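Down below is the structure, laid out as structure tokens.
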Amino acid sequence: MKNLPLASLFLLALALLGCKKESGETRPAQNNTARKNTAAAPEIYREYYGIYMGDFAGTEMITPEIGEAYEGDVYKKLSLKINRITKDSVYGQTILDGNQRPFRGIFNNATKSFVLDEPGTDKTDGRFEVKLSKDSLTGKWTAFTKTAVKAPLKNVKLAKQEFVYNPNFMLDENSDLIDWENPRNFVEKYTDEETGKTENFTASKNRIASDAVFRINASRQKLSEKDLKNLRKLDLEIIKNSVFARHGYSFKKATYRNFFEQTDWYIPVSANVDQDLSPMEKENVALLNRFIKYAEDKYDSFGR
């Protein structure tokens, strides 16, 4: 550089000075923007935050296994969680059939009413219009695309509940232990006593669990192969998924939802609870998975 002309050195110095000045002005401007974007609006009405759970009911055509289709009410369990309320917006999420959908809306404190819109990016999204009365939310849900769902208008009746993990939670002993979602056809024989003629016929049967699901708790006891070796496949699945249900896992499979929604403690809050499991629960789940892979089911005939 010592061989450069004096004019060139002067121009080089000006260029370096300009770069330094530009760099020094840009960085603070970016930081200010970041601080501005992350500044949260003040939260209000925190007493209304929480989980509201209950019936999500609509009228639709029902097709029975025998007979003609008819119009009737179909009830599902909906979990609606309010996470944040500001002057202009309400934020939260819903869980239905194991699917989580965020929502954003407004709250009118004078009428204690919410208008909550799901994103609209899914064909099943819609708008909730519900009113708050003490610890209950009641109102309606309307689909954005009315032709995309069987019941575009549903009634909403929810009660505020607090999610609590309790390793002692079990299925109620009067629970229905039939898996209605996965019937299987079996070919059986029938012999007429008078004629002695034998005919084949097809019977639809459903998986059934045993009362072992009321006795074995994979959240409290370290399981051994001896505890599991004679259990049915559905028994093992229920015992395993009871662990996830206690942690508030939202099941996509209707089989498991149907079992745990029979209890008064199951509250779905998350699509992934793996990190919440205790070391013993993780070991038990791994052992149960090994047995589930090779276990067999017991089937029987039932009528709804």
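The values are calculated or read from the model by the stated rules, or taken from the named source; none is laboratory data. All of these numbers come straight from a predicted model, not from anything done at the bench. Cβ: placed from backbone, ideal geometry, glycine included. Neighbour counts: every protein chain shown. What goes into the accessible areas is simple: the full protein's heavy atoms, side chains included, and nothing from ligands, DNA or RNA. Shrake-Rupley method; radii C 1.70, N 1.55, O 1.52, S 1.80 Å.
Side notes on the structure shown:
- Cβ-placed point charges (K, R +1; D, E -1), dipole of the chain about Cα centre in debye, nearest 20: 1900 debye
- In this structure, the residue pairs whose Cα-Cα separation is over 18 Å, taken from Lys233/Lys298; Lys87/Lys140; Lys123/Lys146; Lys112/Lys160; Lys131/Lys154; Lys253/Lys282, are Lys87/Lys140; Lys253/Lys282.
- Hydrodynamic radius of segment 127-260 by the Kirkwood approach over all distinct alpha-carbon pairs: 19.1 Å.
- Dividing the Cα radius of gyration of the chain by 2.2 N^0.38 Å, with N the residue count, gives 1.52.
- Springs join every pair of Cα atoms under 10 Å in this Gaussian network model of the chain, and among Ser204, Ser136, Ser219 the largest mean-square fluctuation is at Ser204.
- In the chain, the calculated helix contribution to ellipticity at 222 nm averages -8000 deg cm²/dmol per residue, counting -39,500 (n - 2.57) for every DSSP H run with n ≥ 4.
- Total charge dipole magnitude, segment 152-304, about the Cα centre, Cβ charges on Lys, Arg, Asp, Glu only, Debye to nearest 20: 540 debye
- Accessible area per residue, Å², the chain with all protein chains present, probe 1.4 Å: 63 Å²
- Charged side chains reduced to their Cβ positions (Lys and Arg at +1, Asp and Glu at -1) give segment 56-169 a dipole of some 580 debye around its Cα centre.
- Between Asn174, Leu158, Val187, the Cα set farthest toward the positive side of the dipole of segment 158-204 (charges on each charged residue's Cβ, about the Cα centre) is that of Leu158.
- Global form of segment 210-287, assessed from the alpha-carbon gyration tensor, a/c cut-off 1.5: oblate
- Per atom type, the chain shows carbon and sulfur on 50% of its accessible surface, probed at 1.4 Å.
- Candidate cross-link partners of Lys150 among the aspartates and glutamates, defined by an alpha-carbon separation under 17 Å and a same-chain spacing of 8 or more, comprise Asp55, Glu60, Glu71, Asp73, Asp97, Asp122, Asp125.
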